[in-house]
Structure formats: structure tokens, C-alpha cells
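Have a look at the structure below, then the notes.
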Amino acid sequence: MRPLSDAHPELEIIDNLPLFIEYRVYNCSLTKDGSNRLRRRYGVSLRDVSHFSVSIYIWTVLHYPLVGGLLLVMLAHAMCTQLLWESLVVLPDLGLQIETARGISMPFFTQPLFTSRAFIPLEDIHDILINEGLHRWSWYYYLAIFQRPSSFKRNQLDLKLRLAFKDILPPLAVLRIVYHNARQILFHNVQTRGA
Amino acid sequence: MVCDFFHPNIGGVENHIYILSVNLLRRGHKVVAVTHSYPDSRVGIRWLAPGIKVYHVPLRVLVSNATLPNYLTFLPWLRDIVLRERITIIHGHASLSSFAQEAILHSHLFGSGFESMFGWWRRNGEQEESREIRTVFTDHSLFALDDATGILTNKLLAAALNNVDAVICVSHTARENTVLRAQIDPRTAYVIPSAVIAEQFKPPPKPLSTDTITIVVISRLAYRKGVDLLVASAPRICALFPQVQFLVGGSGPKLINLLQMREAHRLQDRITLLGAVDHHDVRNVLVQGHIYLNTSLTESFGIGLLEAACTGCFIVSTRVGGVPEVLPKDMIEFAMPNEDDVVRALRKAIAIVTAGKHDPYRAHERAKSMYTWEDVTKRTETVYADIVKKRPTDLWTRMHRTLRLGPFAGLIYFIILLVECLFFLFLEWVCPRDQIHYVEEDWTMESFKQV
């Protein structure tokens, strides 16, 4: 494991070459005093507490057990599916894998409860690039992988756009590190201009 | 550049914005265009050669490519664009574009003046140098002050231009019209005409023979372009001069009137209707004509006249709006906007062309030097330099000026201003500034040339 880089502590590079290299971006915010230290989103927030208390209130005081129970179940679901990290695993000569890890964000729960993984084989990868796009009220940089299925059964023009780090949306500097390294490992070329 | 009307839509305003942006880019400025999205083809962020970034904001189009004026729903996207691109000047175009008016109304929120009054989001110890967004508005059209459209849109325009830093109009007549309509300080109104790329409008290599005189008309066939005058005068001219042919390009709601006139007078072989003409085909149509006829009932500048003069046509036009300012008197023949005078003017024009007194190549040389895009860009830069030097208005002055709009409109816009400030503060909480993906790299002319 390479230690976290100084400017972007949320990016962790797990180097296990020649098998794989994983670029993991944790869901955290930086402390606001400018020292760029990590502050993970641990524990219970004010929103969770208020959600809990409102649902208990509806259950007991207002005597709507079904509604209160439903709200409690929703709260439990939300607390168990918090976003922990997203990563892009580069497997040399094999392809890419996009992973999203969700679970309980508490100090002693290190392993995620749910992980979704999607693998893209190397023959299918047409290109990797960074582009800007709209998401809700903001414009973000995103890392896109063009997947063109090269199987003879499918239509050759069937182009799909897969996004890495879709839910976390890290800043451009993190994306650039991942972009350059992934291109170098997969395609053995390095972009000289950071376009 | 903020406007509803931008490419892929084709039109005079769109062309003007694009060519102006390209020339500003060539002189080293950074240009970003904001327009609405076309759900089939243009969404998100696109790039136009040679390096203009176009943001397509997902707001619904109401009619003829203009969005519904929704003052607050545009603010989140505009805020993000202005902050991430570090924009310093907002330039709005076209009075009918609600994006442009809203962008000018919202511009004061992004500056350091507002931030110093309400900004909790400033980091400790970080001092911003005084950075205010300046606004410029370009008006491309004339509006009447007494009809229904005029009364409504003029009030909206007056409210939007209440606190604008500079207004650019395309002719002196347009400047007077805008100053009266929008009740702005005349010292903030500049006149910068539009221009034409002369290389795209060269006259034909061989002069046309004057055995048949061809009269060319290219316009959108709508009421305000005076199609009724054309319909009335064309049969008379065809009857008086057997050697005259008409060539009509463009389409629109009044096409049916032209077709009916052609049927009624049996002029199918004298009047040719070309339908909608693409912008790159306009020159090929214009070179086939000796005379260009413009019968508009209202025209602020008339770029079509300039294009035709460049191609070597003799111009016949109605004397409306800013048309008398465009060309010197010996290249153009004026007519009052009624049928008899149009016929008289055409008669005189045909006489001049038949006698060979009009030289297309000399006309091209003269028109080439009159209006150039370098001139327009330089003058626009002067306007930008002027407004950056001015002191910005703070929120208190802005509130007072808004209330002075009138008993009803003033109060309504004052309430909109307050709600807009509150919404902006809400946005600062919901989408904090450190989460915004700031733009660090831009296309420059060098990188474009490399590619």
C-alpha cells in the first residue's frame, strides 16, 4: 500500500503489481483549517439523530406504529448503505474494474457490507478520458471509459459510456493521477499534454 | 456570452456571438458561452472550434428557441459556471433572451462586495482582492414602444438593464431606441455595428450580363420582414419590365402568400422560390442577382444588406430603422414602406443597373473596408476596459435603483432581488464553494493550433 499522497489524502493507491493496482477514493471531507488532513465521515450525524427521534415520536406519541416503523426501517437502510469508497482496479493486460463499496460508516466497521463490481475487459475498452458534465446543480469532471463490445455477436457501433467514481466525483487532480496511471498501464502510452 | 440563441441554431444573433467570441479568443481572452440545451443533440458541456466552451443548461424552451423567464431556476447553474470558470465579464445578447437578462440580474451576487456583506463561506484569514463581475448587454433589434409586445418586453428590459455596466447597440437608431425603451443612462450606451466576413462574400468572377435583371430577396418570410410589400410590388414590376426575374430565398409563415401571388399572376417562370437557404449557400444565391431587395418593416442594422453589397449587388431597401446608416448613398436606393414607393425605387435601380452605372467589384472593395470583425472586436474590448475601471454598485444602491422602476414593477423586482439573495445564500450552504470543480486548464489558440 502506498501511503496517501499529501495533497489528496482521500486517494489511496493499493499497489499489487503485476497482478493489479487499485485506485481507491474514500468518501471523506478535508478539515477546513487548511492543513488538508483527513476527516472521515464517521458515526452518526445530526440528520440521523433527528430522523430517529422523529420516527420514534410518530410511533409512540402519535400512535402510528406502521409509519414510525417504516421510517425506522428507512433510517436503518440509509445508515447501512453509506458510501465508504469507490475504486478503479486496473488489471494489466486484462482490463478495468469499477467498484463501489457501501456499508456502515463507524470506527470499528472497516469492511463494507455491500460491494458492487463491474469488470470491463481490455478488448472492450475503446478509450479512457476525462470530460465535464452536469449532475444536478453542478458541473463536475468525470472519468469516462468507452466500452465498445468487440464480441462478434453484437453491433459494432454499440458504444457505452461507463463512469468511474460515479458517486464520489473526486476533483480533477485525483482524476488526473488515475487517468495517467491507468493509461500508462493499460495502453502503455502517456499523455504529454494534460488536456 | 449568455444568450438563448446560439448554435446549433442558425441566425444573425448566433452568428454574431460566435464570430465575436472567436475574435476575442484570438486576442487572448477566455470565452465561455451559456445557452439552453437541445435534448436531442446538445446537452452538458460542448466545445466549439477554436476553443469556445459552450454550457448547455437544461431549461425548457418555450417558443422560437427562447426559454421561459424563470429568474431563480437559472441561478444554481449560472453560479456554478461563473465560479468555476472565474468569469469576470458577463455579456448578454438579444432582448428576447431570458438567459441574458437573468444573468445580468444575478451578476452582483458573485462579486466580493456581496461576499463581504454576507459571506460566511470565506475561509479564515483568506482575503479576496476586490473582484466584481461586470455586465454588458448587446441589443440586436428594434422594438416599438406602443404595441403589446413592446410594452411588456420593454418593462422587463428596463428592469434587467437597471444596473448594467454597458449596453452595446448595433446602430445609432438602435441606440436611441434602446435608451428610450429601457430608460437607461445614455452615457452607458455604445454603438458598435455588426460586421461581415468579406472573404465569404466575393462577387462573381465574371460580371453578370444585363439582358435579364435578377432581383434577389433572402429573408425569413415573416410579417415584420415586409413580405406583404414584396407580394404587392412583384407583379407590378414583372408587368412593367419583361426582362426582370425574381429569386426568393428563405421560408417562413408568409411563404403561402408568395405562392398564392405567383399562382394568381401566373409568374411561375419569373419568380423562383428557393426555400430555406443555408448560411454557407447565401453567397451562391446572392451572386446570381443584380439587385438585392429588402422590404423589412423594421430593421436595426441589416447585415443582409451588407452581405449583398459585398457580393456586388445594388441594394434597394425600405427606409426603416438603422438602414440609412449602413451604406453610402450611391450603393443603396431607399423607398418608403409602401408599395408605390418600392416600385419607384426598383424602377430607378433597374435603370441604374441596365445603364451599367453600378460596378460590383468596386462595391465589394468599398464594403470590405467599411465593417470588419477586427474593428468590432477592438471596440468591444474598449467597452470592456471602460467598464472594468468603473466602481461597482453595492447592494444598497442596487435596491434603491430597483425600487425606482415604478410602483408595481419596482416592488416586484425588489422582492425578486431579496429572494434571489436568500436563494444564493442557500445555494452557498447546499453546494459549498470548496466542492466545486474549478476549471484549471483552458483551450488557448496555441493548443488549438498544435492539435
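The numbers here are math on the coordinates, done by the rules we state, and not lab data. Computed from a predicted structure; not experimentally measured. Neighbour counts run over all protein chains shown; Cβ positions are idealised from the backbone, glycine included.
Going from the residue with the fewest nearby Cβ atoms within 10 Å to the one with the most, A:His188, B:His56, B:His364, B:His279 rank A:His188, B:His279, B:His364, B:His56. If the Kirkwood radius is taken over C-alpha pairs of region B:93-235, then at 20 °C and 1.002 mPa s the Stokes-Einstein diffusion coefficient equals 111 µm²/s. Run the reach check for B:Lys357 against lysines, Cα to Cα strictly under 24 Å, same-chain hits fewer than 8 apart removed. What comes back? Candidates past the 8-residue exclusion: B:Lys202, B:Lys206, B:Lys329, B:Lys348, B:Lys368.
Relative to the dominant Cα principal axis of chain B, helix B:255-265 is inclined by about 10°. Dipole size of region B:198-370 about its Cα centre, with +1 on Lys/Arg Cβ and -1 on Asp/Glu Cβ: approximately 140 debye, rounded to the nearest 20. Taking other C-beta atoms within 10 Å as the exposure proxy, B:Lys202, B:Lys389, B:Lys357 rank B:Lys389, B:Lys357, B:Lys202 from fewest upward. Extension gain for B:Val61-B:Ala276 works out to 75.1 nm (0.36 nm per residue, less the C-alpha to C-alpha distance).
Counting only lysines at least 8 places from B:Lys53 when in the same chain, those with an alpha carbon closer than 17 Å to its own are B:Lys30, B:Lys449. Taking all Cα pairs closer than 8 Å and separated by 6 or more residues, the relative contact order of region B:274-339 comes to 31 percent. So how tilted is helix B:227-240 from the main axis of chain B? Cα-based, degrees 0 to 90, rounded to 10. Orientation of helix B:227-240: about 20 degrees from the principal axis. Residue by residue, region B:273-286 carries 3J(HN,Hα) couplings of 9, 9, x, 5, 10, 5, 5, 7, 8, 4, 5, 5, 6, 5 Hz when phi is fed to the Karplus relation 6.51 cos²θ - 1.76 cosθ + 1.60 (θ = phi - 60°); x denotes Gly or Pro. Helix B:172-182 sits at what angle to the longest principal axis of chain B, using alpha carbons and giving 0 to 90 degrees rounded to 10? The helix B:172-182 is inclined about 40 degrees to chain B. Relative contact order of chain B: what whole-number percent is it, with Cα pairs under 8 angstrom and at least 6 residues apart? It rounds to 16 percent for chain B. Summarising the amide proton neighbourhood of B:Ala33: residues at separation of 5 or more, or on other chains, whose placed amide H is nearer than 5 Å comprise B:Lys53, B:Val54, B:Tyr55.
Calculated mean residue ellipticity at 222 nm for the protein assembly as shown: -11500 deg cm²/dmol, from DSSP H runs with n ≥ 4 weighted as -39500 (n - 2.57), summed, divided by the residue count and rounded to 500. Given axes a ≥ b ≥ c from the Cα gyration tensor, I'd like to know whether region B:349-451 is rounded (a/c under 1.5), prolate (a/b larger than b/c) or oblate. It comes out oblate by the Cα gyration axes. Normalised by residue number, the volume inside the convex hull of the Cα atoms of region B:198-370 is 101 Å³ per residue. Relative to its residue count, chain B spans a Cα convex hull of 154 Å³ per residue.
Within the protein assembly as shown, the ratio Rg/Rh, alpha carbon atoms throughout and Rh by Kirkwood, equals 1.06. Between rounded, prolate and oblate, where does region B:364-412 land on the alpha carbon gyration tensor, with a ≥ b ≥ c its root eigenvalues, rounded for a/c under 1.5, else prolate if a/b exceeds b/c? It is oblate, given that a/c is not under 1.5 and a/b is not larger than b/c. In terms of other Cβ atoms within 10 Å, A:Phe20, B:Phe114 run from fewest to most in the order A:Phe20, B:Phe114.
Placing pseudo-labels 7 Å out from each Cα toward the beta carbon at B:Ile45 and A:Leu163 gives an inter-label distance of 1.3 nm.
Using only the Cα atoms of region B:183-275, build the gyration tensor, take square roots of its eigenvalues as a ≥ b ≥ c, and label the shape rounded, prolate or oblate: rounded if a/c is under 1.5, else prolate if a/b is larger than b/c, else oblate.
Cα axes put region B:183-275 in the oblate bin.
What net charge do the residues around A:Leu75 carry, taking every other residue with its C-beta under 14 Å from that of A:Leu75, with Lys and Arg at +1 and Asp and Glu at -1? Walk me through the numbers on the way to the answer.
Working: positive: A:Arg47; negative: A:Asp48.
Counting the neighbours of A:Leu75, the net charge comes to 0.
Here the Karplus curve 6.51 cos²θ - 1.76 cosθ + 1.60, taken at θ = phi - 60°, turns the phi angles of region A:164-178 into couplings of 9, 6, 5, 8, 8, 6, x, x, 4, 5, 5, 4, 5, 4, 5 Hz, with x standing for Gly and Pro. For B:Tyr190, the residues 5 or more places off, or on other chains, whose built amide H falls under 5 Å of its own are B:Val167, B:Ile168, B:Cys169.
With the contact rule set at Cα under 8 Å and sequence spacing of 6 or more, what percent relative contact order holds for region B:198-370?
26 percent
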